[in-house]
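This report refers to the structure that appears directly beneath it.
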Amino acid sequence: MSMRLFVNVDHVATVRQARRTDEPDPVRAAVLAELAGADGITVHLREDRRHIQDRDVRLLLETVRTGVNLELAAAGEILDLACAWRPAQATLVPEKRQEITTEGGLSLEVGEARASLRNAIERLASVGVRTSLFIDPDPDAIRVSADLGADAVELHTGEYANAEGQAREAQLRRLGAGAELARELGLAVHAGHGLTYENVTPVAALTELEELNIGHSVVSRAVLTGMREAVGEMATLIRRARSGA
Ligand code: PXP
């Protein structure tokens, strides 16, 4: 099975929001990511709109030619927007206002939480949106996801990314076993969070996985690989202003 790379451009918007201006534009970054070989673009429209804005999602849906994976919490206004916008895929994630980033997978133990997820999956499916649940790679969470009628699960790779040595090997086995179980239950299997240039290879080799969602590390690398060209262009403008050329 081949593996798709979905590039998460949230943190391009984070830099823009630091100045509340119009650059860098995550929509332009998405176009470049697609031209470079991304198989899809992921954004998380958070309730507090700390990075991605409604305008970004609307424009991405018009311009992205691969597919938009919209991450969202399973309730409220954002769910209404997702049903109206109809991205190719919606990934339901837990959302806490104070967190720096999504901290863990969805909590599926509580009846109420399950009911709201089931409702969100049904609403999205009724308008043709494929749904994925962002969960920890645990057998119970995977079984519940299948029972809720999701099309896919995204296995949280954060614990793998944070572990070292043998603990990381154990987390990799956990991801592999989770991916296998999910496939057996008929779910498509995605993974993401905390993946970097240093730790992605063993996860990318897990054959049951079909999609990786990677954001922070790619945006961080882009800032550094683009620095030489960006400074060169600015230096040229400044020198030309003085030389009259
Ligand atoms: N998958 C999900 C569900 C996420 O919430 C995030 C972070 O927004 C990612 C993947 C990407 O994580 P990272 O930015 O660490 O690559």
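Could you tell me which of the residues Leu185, Leu212, Leu175, Leu195 is touching a strand residue (DSSP E or B) at 6+ places or on another chain (Cβ under 7 Å) and more than 17 Å from Asp39 (Cβ to Cβ)?
Working: Leu185 fails: touching a strand residue (DSSP E or B) at 6+ places or on another chain (Cβ under 7 Å); Leu212 fails: more than 17 Å from Asp39 (Cβ to Cβ); Leu195 fails: more than 17 Å from Asp39 (Cβ to Cβ).
After applying the criteria, what remains is Leu175.
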*Could you check, for the stretch 29-52, whether at least one of its residues is closer than 23 Å to Leu195 by Cβ, in contact with a Pro (Cβ under 8 Å, 6 or more places away or on another chain) and away from the ligand (no atom under 11 Å from the Cβ)?*
no
*asked:* Going residue by residue through the stretch 162-170, is there one that turns out to be under 27 Å from Arg130 (Cβ atoms) and modelled with pLDDT of 95 or more?
replied: no
*Check off (1) open to solvent by 40 Å² or more (accessible area, probe 1.4 Å); (2) aliphatic (A, V, I, L, M); (3) within 13 Å of the ligand (Cβ to nearest atom) for Ala88 and give me the number that stays unchecked.*
(3)
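Does Ser243 fit the bill of being modelled with pLDDT under 95 and either within 16 Å of the ligand (Cβ to nearest atom) or exposed (fewer than 10 other Cβ atoms within 10 Å of the Cβ) (or both)?
Numbers: modelled with pLDDT under 95: yes; either within 16 Å of the ligand (Cβ to nearest atom) or exposed (fewer than 10 other Cβ atoms within 10 Å of the Cβ) (or both): yes.
Considered against the rule, which asks whether it is modelled with pLDDT under 95 and either within 16 Å of the ligand (Cβ to nearest atom) or exposed (fewer than 10 other Cβ atoms within 10 Å of the Cβ) (or both), Ser243 comes out as yes.
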_For the stretch 135-147: of the residues being free of Cβ contacts under 8 Å to residues at least 40 places away in the same chain and away from the ligand (no atom under 16 Å from the Cβ), which is least open to solvent (accessible area, probe 1.4 Å)?_
Val144
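Hand me the list of strands (runs of 3 or more DSSP E) wholly inside the stretch 64-181 holding 2 or more residues that are out of contact with any His (no Cβ under 9 Å at 6 or more places or on another chain) and of a type in the set (A, V, I, L, M, F, W, C).
Values: elements: 68-72, 89-92, 130-135, 152-156.
Those strands (runs of 3 or more DSSP E) span 89-92.
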*Only one residue in Ser132, Ser126 is within 16 Å of the ligand (Cβ to nearest atom) and not basic (Lys, Arg), so which one is that?*
Ser132
*Near pairs, Cβ below 8 angstrom, 6+ apart or cross-chain, from the stretch 197-218 (in contact (Cβ under 8 Å) with a residue 12 or more places away in the chain and among the hydrophobic types (A, V, I, L, M, F, W, C)) to any residue that is open to solvent by less than 20 Å² (accessible area, probe 1.4 Å) and part of a loop (DSSP other than H, G, I, E, B)*: Val203/Thr157; Val203/Leu195; Val203/Leu209; Leu212/Leu195; Ile214/Leu195
*Can you work out which of the residues in the stretch 195-222 that are more than 13 Å from the ligand (Cβ to nearest atom) and in a helix (DSSP H, G or I) is most open to solvent (accessible area, probe 1.4 Å)?*
Thr201
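Which one is nearest to Phe134 (Cα to Cα), of the residues in the stretch 182-194 that are open to solvent by 50 Å² or more (accessible area, probe 1.4 Å) and either within 16 Å of the ligand (Cβ to nearest atom) or part of a helix (DSSP H, G or I) (or both)? Walk me through how you get there before you give the answer.
So in the stretch 182-194, the residues open to solvent by 50 Å² or more (accessible area, probe 1.4 Å) come out as 183-186, 193.
Imposing the further condition that a residue be either within 16 Å of the ligand (Cβ to nearest atom) or part of a helix (DSSP H, G or I) (or both) reduces the set to 183-184, 193.
Numbers: Arg183: 15, Glu184: 18, His193: 10 Å.
It comes out as His193.
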_Single match in Ser132, Ser126, Ser116 (criterion: buried (at least 16 other Cβ atoms within 10 Å of the Cβ) and modelled with pLDDT of 95 or more)_ = Ser132
*Counting only residues that are touching a residue at least 24 places away in the same chain (Cβ under 8 Å) and open to solvent by less than 50 Å² (accessible area, probe 1.4 Å), how many does the stretch 154-170 have?*
7
_Residue pairs, Cβ under 9 Å, 6 or more apart or interchain, first in the stretch 223-245 and part of a loop (DSSP other than H, G, I, E, B), second open to solvent by 80 Å² or more (accessible area, probe 1.4 Å). List them._
Ala245/Arg239
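The values are calculated or read from the model by the stated rules, or taken from the named source; none is laboratory data. This is a predicted model, so every value here is computed, not measured. Here Cβ is always computed from backbone atoms with ideal geometry, including for glycine, and neighbour counts include all displayed protein chains. Just so you know, the surface numbers come from the protein's heavy atoms only, side chains and all, with ligands and any DNA or RNA stripped out. Shrake-Rupley method; radii C 1.70, N 1.55, O 1.52, S 1.80 Å.
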